[in-house]
Amino acid sequence: MSASINGLGIPLPPTAPAASGVGPGSAPGSDTSLFGDLLAKSLGQVNGLEQSAQAAVERSFAGDDTTQIEAMTAMKKADLALRLMIQVRNKIMDAYSEIKQMQM
Amino acid sequence: MSSIFNGTTLPLLEKVARFTDKRQDALTANVANIDTPNYKRLDLPLEAFQKALRDAIATGQSRLEPGLSSANGSPSLGRTSATSLPEQLFQAVEARSPSLNFQDNNNRSVEHEMMEMTKNNMMQSFAITLMNAQFGMLQEAIREQV
Amino acid sequence: MFGTIDISTSALIGERQRMNTIASNLANLNTTRDADGKAAPFQRRFVTFSAQSENPDTPSGVTYQISVDTTSPPRRVYEPGHPDADKEGYVSYPNIDMMNEFVNAVEASRAYEANLVAIDMAKQGFNESLKILA
């Protein structure tokens, strides 16, 4: 899957098969897209927060009733969600490359 | 490559920063000329600017960039990106002040000018802070590192 | 944006105008002639404030109006030698009470300071909120 945020393509790792045991708490052989779902969901949330932050900023400057605090908290929430997602993605990448190196 | 900025709040914030910058000059001139006889105060009308922003946002909504829809299916909002605002919004014009008229035909009140300057300054700080935050987010995404 | 500051500014302008009228009242404490030179005592000016909007849901600023006090009678002093004395020898002085004007001046000045503090608080609140994104 290759969703994008703001036109930037953040490449996602292919979903690791759960059979190799990367899914937290997943029984061996269970559904194959645990991490994929997690990442897709957080990606959607980040995108949603980002868009509501942009809408809040636009409304705030265009003279609507949005206070500055609303726009700033929306921006900060989007920022933190993005950071969280980047960390999750990095951890997934690390785990995946570690698994790749495992001698089978 | 510059399309990474078009999808953000950056074009809007740049316009606001430029507007507040020009407006600061006009308002400072007003305060400097507090005692000048026959001086008419200058201003960059804020309502006109905000209306132009509203229109730009609305037209941006009708030109969605392909592929920008969010992953969870909600409609994506327009952006004020490619729309550039008319240059006259950024030029100082004579403006009525809603208060006293003094004997020397000067239509100013120092409180009004100072407060307009304060509000303008706050709007500028607000826009610049948001710009910093937005740039920071882009940097984080590019570096893939928090 | 920043409507709070607009509200306080309207109050500042109103209070300043009040100070101006008080100053003109005090300056004309003994003025017995009007601008044309005829014998007419200076009428006390005063400022009335009214709210800018009647809607209780939106906080409103103030607008002021300068009115002339035409109802209170002038202060009559017996001075037969004065050029502006009337037929009985009384001169009509403005009915301006200095103590009253002083008290009003103090109140106007305190109100002015209070509104300045309100504006300062609004600015500080805004600066604090900028730290959210810092």
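The values are calculated or read from the model by the stated rules, or taken from the named source; none is laboratory data. Note that the structure is a prediction, hence the values are computed from the model and not measured. Here Cβ is always computed from backbone atoms with ideal geometry, including for glycine, and neighbour counts include all displayed protein chains.
Residues in the stretch C:87-113 that are more than 14 Å from C:M19 (Cβ to Cβ), surrounded by fewer than 16 Cβ atoms within 10 Å (Cβ to Cβ) and of a type in the set (A, V, I, L, M, F, W, C): C:M98, C:M99.
Each residue in the stretch B:114-146 was checked for being facing another protein chain (nearest Cβ under 8 Å) and under 30 Å from C:T9 (Cα atoms), and 10 of them qualify.
Check the stretch B:66-86 and report whether any residue there is within 11 Å of another protein chain (Cβ to nearest Cβ), modelled with pLDDT of 75 or more and within 16 Å of B:L10 (Cα to Cα). Looking for residues that are within 11 Å of another protein chain (Cβ to nearest Cβ), modelled with pLDDT of 75 or more and within 16 Å of B:L10 (Cα to Cα), one finds none in the stretch B:66-86, hence no. Within the stretch B:36-45, being closer than 15 Å to B:V16 by Cα and surrounded by fewer than 15 Cβ atoms within 10 Å (Cβ to Cβ) holds for one residue alone: B:P45. From the list A:I69, A:I86, the lone residue that is over 11 Å from the mean Cα position of the chain (by Cα), at the interface with another protein chain (Cβ under 7 Å from one of its Cβ atoms), of a type in the set (A, V, I, L, M, F, W, C) and assigned to a helix (DSSP H, G or I) is A:I69. Only residues in the stretch C:2-22 that are more than 15 Å from B:M115 (Cβ to Cβ) and more than 7 Å from every other protein chain (Cβ to nearest Cβ) count as the first member; pair them with residues that are of a type in the set (A, V, I, L, M, F, W, C) and part of a helix (DSSP H, G or I), Cβ under 6 angstrom, at least 6 apart or cross-chain, and list the lot. From residues that are more than 15 Å from B:M115 (Cβ to Cβ) and more than 7 Å from every other protein chain (Cβ to nearest Cβ), the pairs are C:R18/C:A108; C:M19/C:A108; C:I22/C:A105. Can you pull out every residue in the stretch B:106-142 that is of a type in the set (S, T, N, Q) and either part of a helix (DSSP H, G or I) or closer than 19 Å to B:P11 by Cβ (or both)? B:T118, B:N120, B:N121, B:Q124, B:S125, B:T129, B:N132, B:Q134, B:Q139 - these are the residues of the stretch B:106-142 that are of a type in the set (S, T, N, Q) and either part of a helix (DSSP H, G or I) or closer than 19 Å to B:P11 by Cβ (or both). A single entry from C:P41, C:P59 fulfils the requirement of being farther than 22 Å from C:Y112 by Cα, in a loop (DSSP other than H, G, I, E, B) and at pLDDT below 90: C:P41.
Please verify whether B:A48 is buried (at least 16 other Cβ atoms within 10 Å of the Cβ), out of contact with any strand residue (DSSP E or B) (no Cβ under 6 Å at 6 or more places or on another chain), in contact (Cβ under 8 Å) with a residue 24 or more places away in the chain and not in a loop (DSSP other than H, G, I, E, B), treating the condition exactly as stated. Answer is no for this residue.
Based on this model, can you work out whether C:E88 counts as in contact (Cβ under 8 Å) with a residue 12 or more places away in the chain and over 28 Å from A:D65 (Cα atoms)? For C:E88, the condition - in contact (Cβ under 8 Å) with a residue 12 or more places away in the chain and over 28 Å from A:D65 (Cα atoms) - is not met. For B:T8, the conditions (1) within 10 Å of chain A (Cβ to nearest Cβ); (2) in a helix (DSSP H, G or I) all hold with the exception of (2). Of everything listed in (1) assigned to a helix (DSSP H, G or I); (2) touching a helix residue (DSSP H, G or I) at 6+ places or on another chain (Cβ under 7 Å); (3) within 14 Å of chain B (Cβ to nearest Cβ), the single unmet condition for C:V47 is (1).
Of the residues screened, C:M121 is one that is closer than 30 Å to A:A71 by Cβ, more than 12 Å from every other protein chain (Cβ to nearest Cβ) and at pLDDT 90 or above.
The residue of the stretch A:54-65 that is nearest to B:A58 (Cα to Cα), among those that are more than 7 Å from every other protein chain (Cβ to nearest Cβ) and under 27 Å from the mean Cα position of the chain (by Cα), is A:R59. With respect to the conditions (1) part of a loop (DSSP other than H, G, I, E, B); (2) modelled with pLDDT of 75 or more; (3) surrounded by 15 or more Cβ atoms within 10 Å (Cβ to Cβ), B:Q145 falls short on a single one, namely (3).
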